[in-house]
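Accompanying notes for the structure given below.
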Amino acid sequence: MRHEIEVEKIIERAAEKQALVVFTVVNHEERDLIMRLVERHNVEYVDLMGALIGKFGGFLSSKP
């Protein structure tokens, strides 16, 4: 829960500053959290490696 609160504070600050959030997270739950928060706060974002990591996981038949 503490981690979620910290991430939300960062996203809220990005919304206040109208900033672009750029991230790379391998952990699926953490990625989902960030995605929910940027959508909730209407923050522009770029997941730099998400699609690539997903492709590698499928290609290698393993979890990232």
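The values are calculated or read from the model by the stated rules, or taken from the named source; none is laboratory data. Every value quoted in this text rests on a predicted model; they were computed, and no experiment measured them. Quick reminder, even Gly has a Cβ in these numbers, built from the backbone with ideal geometry, and neighbours come from all protein chains shown. In case anyone asks, the SASA skips ligands and DNA or RNA and just uses the protein heavy atoms, side chains included. Shrake-Rupley method; radii C 1.70, N 1.55, O 1.52, S 1.80 Å.
Counting only protein heavy atoms and using a 1.4 Å probe, what share of the accessible area of the chain belongs to carbon plus sulfur, as a whole percent? Whole-percent figure for carbon plus sulfur exposure: 55. Seen against the Cα atoms of the chain and their longest principal axis, helix 2-17 is set at about 60 degrees.
Taking every protein chain into account, the accessible area of the chain amounts to 80 square angstrom per residue (probe 1.4 Å). Protection proxy ranking for 56-62, 21-27, using the average of other Cβ atoms within 10 Å per residue and placing the highest first: 21-27, 56-62. Pair-distance distribution P(r) for the chain, from all Cα-Cα distances in 10 Å bins starting at 0: 21, 48, 23, 7, 0 percent.
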